[in-house]
1. Hey, got the dipole for the chain? About the Cα centre, +1 on K and R Cβ, -1 on D and E Cβ, debye to the nearest 20?
2. Beyond 23 Å between alpha-carbons counts as too far, so tell me which of 60/80; 77/110; 75/103; 57/77; 63/110 fall in that bin.
3. Subtracting the Cα-Cα distance from 0.36 nm times the residue separation, let me have the gained length for residue 54 to residue 17 in nm, one decimal.
4. What does the extension gain come out to for residue 44 and residue 29, with contour length at 0.36 nm per residue minus their alpha carbon separation?
5. Per the helix-only calculation at 222 nm, which mean residue ellipticity applies to the chain, given -39500 (n - 2.57) for every DSSP H run of n ≥ 4 and division by its residues, nearest 500 deg cm²/dmol?
6. Could you tally the net charge around residue 54, taking each other residue with its Cβ under 14 Å from the Cβ of residue 54, Lys/Arg +1 and Asp/Glu -1?
7. Set the Förster radius R0 to 35 Å, insert the Cβ-Cβ distance between residue 98 and residue 75 as r into 1/(1 + (r/R0)^6), and round the FRET efficiency to 0.05.
8. So if we plug the beta-carbon distance of residue 63 and residue 114 into 1/(1 + (r/R0)^6) with R0 = 30 Å, what FRET efficiency do we get, rounded to 0.05?
Amino acid sequence: MSSTTAAADKPEPQGMRKNGKQWHPSRKAFRPASGLTSYEQRTKLRMATAAMKAKEKEMKDEKEAERQQRVQAIKEKRAKKEEKERYEKMAEKMHKKRVERLKRKEKRNKLLNS
């Protein structure tokens, strides 16, 4: 038994090298197609990348929605501030009650238009 296992451990000697450089380790044949992936592996990889891209897109959309929300809030705030300043300017020239009537009238028009 020990003689068979010892023989199995040693690689079989191959013939002499043609170029005479026996000290170099022997090489295997170059086969470029040996590393190609199978169809199942490629489909799994495609599915994984598609899922990753979908998740990235979802995250980007979420981030953009939050940004748009902030921009919209800023615009509304500015519009409100401008309107308030406009009414203050009007109050300087007109009577307070007349300004209030105009405010109510503009609110009604805004509601009708929307």
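1. Computed charge dipole of the chain: roughly 1180 debye.
2. From 60/80; 77/110; 75/103; 57/77; 63/110, over 23 Å: 60/80; 57/77; 63/110.
3. Numbers: separation 37, 0.36 × 37 = 13.32 nm, distance 5.60 nm.
Using 0.36 nm per residue and subtracting the Cα-Cα distance, I get 7.7 nm.
4. Going from the current span to full extension adds 2.4 nm.
5. -25500 deg cm²/dmol
6. +1
7. Once rounded, the FRET efficiency stands at 0.75.
8. For residue 63 and residue 114, the calculated efficiency is 0.50.
Laboratory data are not the source of any read-out in this text; all were calculated from the coordinates shown. Fair warning: this is a prediction, and the values are worked out from it, not measured in the lab. Every residue, glycine among them, receives a Cβ derived from its backbone with ideal geometry; neighbour counts consider all protein chains shown.
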